[in-house]
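See below for the structure under consideration.
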Amino acid sequence: MIGGLLAAALLVSGQGDAMDAIALREAMDSARRAPATETLAGRSFRIAIPFVDEQKRTMKALQSPARWRYDFSRGELTLMIGLGQISAANYDRFADQGLADLPTLQTAFFDGSEIKNPVAVEVLDGRTKRQDVGVQSIITNYGLAIPYAEGASALPPRFQPFMVYKLRMNQETYHRLTRGMTLVLEGRITSLGQRPEVFCGDYAGRLAAPELHIDDTTHILVTAHQCFATARVDAVSVMGSGKVLLAAWGAAGR
């Protein structure tokens, strides 16, 4: 049944030009407000997600599917592309929206907003509890929900939910290429029979993000509202500043 749903979804014809991140977010909002009249299935997208420095202990960096780090001693740029699995542990409507009946879904958040405020948190220091200053993060996220399971992958060939790609380059090239570097996802919105087509839910939890260069940890209290549309990704590429192609998988991949 799942294979049939995927095949049917892939046969839907496109509608108009490929949507960028802003257009896709607006289309998802429109479909959510009028589910009986608006459908996204078959519409193509080409979204560019900015890479972030993985050393930053912020929710933007922790949730991003596109992160980088540079090793000055080796002259090596490491690109980390990581999708996140949607599950009952991080999505409160997983069961009642029937997501357990679908293939395993990986997500790439491509747009959203965050409100941050300092907040008092209780931490355990050995056996002693103490008060510390943490961060309250209230987030709204928009993401693709991409099937990835045996026999039901909607990712390009040889592309997996977590990819590490390393490039040797000097510091001048590193500074130039990472300024404005993006992860580009191209594909189509699909339908796996889920209702509603654009599905939304919440997550509330607490994260501890250790600082990499100092003996400290940032404690983040997270409240997130998340909306998803199922998608097939045909091509993935990494574009450096100046539209320099650094890596690619799929239609023009290697």
>> Can you order the peptides 113-125, 35-47 by their average number of other Cβ atoms within 10 Å per residue, highest first?
In response: 35-47, 113-125
> Picking from GLY82, GLY240, GLY126, which is most flexible by a Gaussian network model of the chain using Cα springs under 10 Å?
Replying inline: GLY126
> Can you list the residues, at least 5 places off or on another chain, whose amide H is less than 5 Å from the amide H of VAL135, using H built in the peptide plane?
Replying inline: VAL119, HIS219, ILE220, LEU221
>> Per residue of region 67-78, what does 6.51 cos²θ - 1.76 cosθ + 1.60 with θ = phi - 60° give for ³J(HN,Hα)? Whole Hz please, x for Gly and Pro, Karplus curve as stated.
In response: 10, 9, 8, 10, 9, 5, 5, 9, x, 10, 9, 10
> Which far-off residues, 5 or more places away or on another chain, put their amide H under 5 Å from the one on ILE49, with H placed in the peptide plane?
Replying inline: LEU183, VAL184, LEU185
> Which distance in Å, rounded to a whole number, links the C-alpha centroids of region 129-185 and region 65-128?
Replying inline: 9
> Under the definition of Cα pairs under 8 Å and six or more residues apart, what whole-number percent is the relative contact order of the chain?
Replying inline: 23
>> Using the Karplus curve 6.51 cos²θ - 1.76 cosθ + 1.60 with θ = phi - 60°, what ³J(HN,Hα) values do you get for each residue of region 202-207, in whole Hz, with x for Gly and Pro?
In response: 10, 9, 9, x, 10, 10
> Hey, which aspartates and glutamates would be in cross-link range of LYS129, C-alpha to C-alpha under 20 Å, not counting anything within fewer than 8 residues on its own chain?
Replying inline: ASP215, ASP216
> What order do you get for 151-158, 186-193 when each peptide is scored by the mean count of other beta carbon atoms within 10 Å, highest first?
Replying inline: 186-193, 151-158
> Where is the GNM fluctuation largest for the chain (alpha-carbon springs, 10 angstrom cutoff): ARG179, ARG130, ARG69?
Replying inline: ARG130
> Could you give me the ³J(HN,Hα) list for region 93-102, computed from phi with Karplus coefficients 6.51, -1.76, 1.60 and θ = phi - 60°, whole Hz, x at Gly and Pro?
Replying inline: 10, 4, 6, 6, 8, x, 5, 5, 8, 9
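Values quoted throughout were computed directly from the atomic coordinates according to the rules given, and no laboratory measurement underlies them. Just so we're clear, the structure is a prediction, and the values are computed from it rather than from any experiment. Because the Cβ atoms are built from the backbone with ideal geometry, glycine has one as well, and the counts that use them run over all protein chains shown.
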